[in-house]
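The values are calculated or read from the model by the stated rules, or taken from the named source; none is laboratory data. Keep in mind that what you see is a predicted model, and the values were worked out from it rather than measured. Please note: Cβ atoms are built from the backbone with ideal geometry, for glycine as well, and neighbour counts cover all protein chains shown. The protein model used for the area step is the full one, side chains on, heavy atoms only, and it has no ligands, DNA or RNA in it. Shrake-Rupley method; radii C 1.70, N 1.55, O 1.52, S 1.80 Å.
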Amino acid sequence: MSIDRFREDAHRIVDVMADYLEAIESYPVKSPVHPGQIADQLPHDPPDASESLDDLLADFGRIILPGITHWQHPSFFAYFPANSSPPSVLAEMLTATIGAQCMSWETSPAATELEERMVQWLRQMLGLPKSFTGSIHDTASTGTLCALLTARERVTGFASNEGGLSGTKPLTVYCSADTHSSIEKDVKIAGIGRRWLRKIAVDGSGGMVVEELSRAISEDVKAGNTPTCVVATVGTTGSSGIDPVAEIAEECRRQGVWLHVDAAWGGSAMILPEHRGMMAGVEHADSFVFNPHKWLFTNFDCSILFVRDAGSLVRTFEISPEYLKTRQDTAVTNFRDWGIPLGRRFRALKLWFVIRSYGVDGLREKLRAHIAWAKELAADIDAAPDFELLRAPRLSLLCFRYRPESVEPGDDLDRINEQLLNDLNDSGRLYVTHTRLEGEYAIRFVIGQTSTERRHVRRAWSSIQEMARNARR
Ligand code: PLP
């Protein structure tokens, strides 16, 4: 493709992108296709001859778009958002065009030095102490795995990287019963073994019970096991539970255990000084992960792992074959030594674009609005006789269920709410997901989309009330 042709096609694609964003509200939020429907429309064999952009774009509209769940739709209230924004998209276009593989300083000095500065900006924005440094990863799952592997190495005196774990006493890891499943997955991958993951009970508000944590650690010590890492969560996935980080940090300090804080979603709210109290004690953590790709308007993927002891992290991951050595190795940061993959995308550019375009004040304003609308919705749900607020909003997540006066608690109520959720999502008007709280089916509602306005939340509440009245019994 000639550069002239590329220029022409790229302009066309930008129009397609803008048209998509302009029309996004006309799409059903959750894709309505059935399994196999997209695959059935795709040829089994690749084309031998070149095809035109016209054909590609026509098929994009005809085949692909119907199979997209529109995460950037303003009525997306499901999971946690993966919110992007125009400045982030523009930066991603440049990143894709440059196509740099940023494993070492030398392979793109600007990528490394911008990443270092963006991590520093974010540390300041979140109010984390200067002792934290870090790097950008793809996801929180990866960041937490890196933290866990570093904790494993530290507690074994860096022996497990050399000789493996066989013959060592079991290493034990602790998290709350409400912790995200990625922790269990990481424990499996790290070679620790999921049976050594202790899931500590939570209290009525979804926070870890620290006395139970202390007891579990003491029992492991007595049994000859090696307590290795505690994962505290700020903003659990089900109900935005917040573990008492300060008390957990104190316990970790007493027992000499690594403390990792998973704030994948909730961490963004630390840019709001008025919400930092919920993370009191975070300054004592050994590591902290949060995802700008969830609630800081930066395209998936972008997750930051902060650590206090970068030396131990690098010692865990570094490897220096001859073909990767460069003249500057002793003078620069080579981020390939800060995590799992060798190859790294240039993710710092989109953060630079987002933070500079909105300014910290602009980002704060958006988060504050989401939190305020969640509070307003919760008040309406609380006041509605046929609805029950199961979790008051912490930040912008709340959980509720429909409880018509004529129905008894139990399975029927679960079934009615499941039906309501399916009806809402099948309507295409909005997208919500569910969880279980103390065994009860609950509808989760998270506000965090870049283009969401108050009117979208109000309209969602109207749809919920209207469809609840029609929910089949
Ligand atoms: N931790 C929490 C609290 C989450 O809610 C999630 C995902 O929603 C994760 C970790 C995993 O995030 P990622 O998809 O970035 O691995």
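Residues in the stretch 132-148 that are within 8 Å of the ligand (Cβ to nearest atom) and hydrophobic (A, V, I, L, M, F, W, C): 140 only. The single condition among (1) open to solvent by less than 10 Å² (accessible area, probe 1.4 Å); (2) under 30 Å from residue 108 (Cα atoms); (3) of a type outside the set (Asp, Glu); (4) within 11 Å of the ligand (Cβ to nearest atom) that residue 264 does not satisfy is (1). Cβ-Cβ contacts under 6 Å between residues 6 or more apart (or on different chains), taken from a first residue in the stretch 258-271 that is of a type in the set (D, E, K, R) to a second residue that is more than 14 Å from the ligand (Cβ to nearest atom) and assigned to a strand (DSSP E or B), are absent.
The condition (being closer than 21 Å to residue 289 by Cα, away from the ligand (no atom under 16 Å from the Cβ) and open to solvent by less than 10 Å² (accessible area, probe 1.4 Å)) is satisfied by just one residue among 229, 175, 252: 252. Residue 72: open to solvent by 10 Å² or more (accessible area, probe 1.4 Å) and farther than 25 Å from residue 268 by Cα, yes or no? So residue 72 fails the test. Out of all the residues in the stretch 346-365, is one or more touching an Asp or Glu at 6+ places or on another chain (Cβ under 6 Å) and touching a residue at least 60 places away in the same chain (Cβ under 8 Å)? Yes, the conditions are met somewhere in the stretch 346-365.
If we scan the stretch 305-319, do we find a residue that is touching a His at 6+ places or on another chain (Cβ under 8 Å) and of a type in the set (Asp, Glu)? No: zero hits. The set of residues in the stretch 301-334 that are within 19 Å of the chain's Cα centre (by Cα) and either away from the ligand (no atom under 16 Å from the Cβ) or more than 30 Å from residue 71 (Cα to Cα) (or both) contains only 307.
Residue under question is residue 205, and the condition is that it be without any contact (Cβ under 8 Å) to a residue 24 or more places away in the chain, open to solvent by 30 Å² or more (accessible area, probe 1.4 Å), away from the ligand (no atom under 15 Å from the Cβ) and of a type in the set (Ser, Thr, Tyr); does it hold? Answer is no for this residue. Being modelled with pLDDT of 95 or more, surrounded by 13 or more Cβ atoms within 10 Å (Cβ to Cβ) and among the acidic types (Asp, Glu): is that true of residue 59 here? In short, yes. Here's a check for you: in the stretch 104-131, which residue that is without any contact (Cβ under 8 Å) to a residue 40 or more places away in the chain and polar (S, T, N, Q) is farthest from the ligand (Cβ to nearest atom)? The qualifying residue farthest from the ligand (Cβ to nearest atom) is 107. Note on the stretch 441-473: residues that are surrounded by fewer than 17 Cβ atoms within 10 Å (Cβ to Cβ) and assigned to a strand (DSSP E or B) total 0.
Annotation for the stretch 285-293: at least one member residue is within 16 Å of the ligand (Cβ to nearest atom) and either basic (Lys, Arg) or in a helix (DSSP H, G or I) (or both). Of the set (1) more than 16 Å from the ligand (Cβ to nearest atom); (2) open to solvent by less than 30 Å² (accessible area, probe 1.4 Å), all apply to residue 298 but (1). The sole residue among 52, 85, 104, 31 that is in contact with an Asp or Glu (Cβ under 9 Å, 6 or more places away or on another chain) and among the polar types (S, T, N, Q) is 104.
State yes or no: is residue 382 at pLDDT below 95 and either among the hydroxyl-bearing types (Ser, Thr, Tyr) or open to solvent by 50 Å² or more (accessible area, probe 1.4 Å) (or both)? For residue 382, the condition - at pLDDT below 95 and either among the hydroxyl-bearing types (Ser, Thr, Tyr) or open to solvent by 50 Å² or more (accessible area, probe 1.4 Å) (or both) - is not met.
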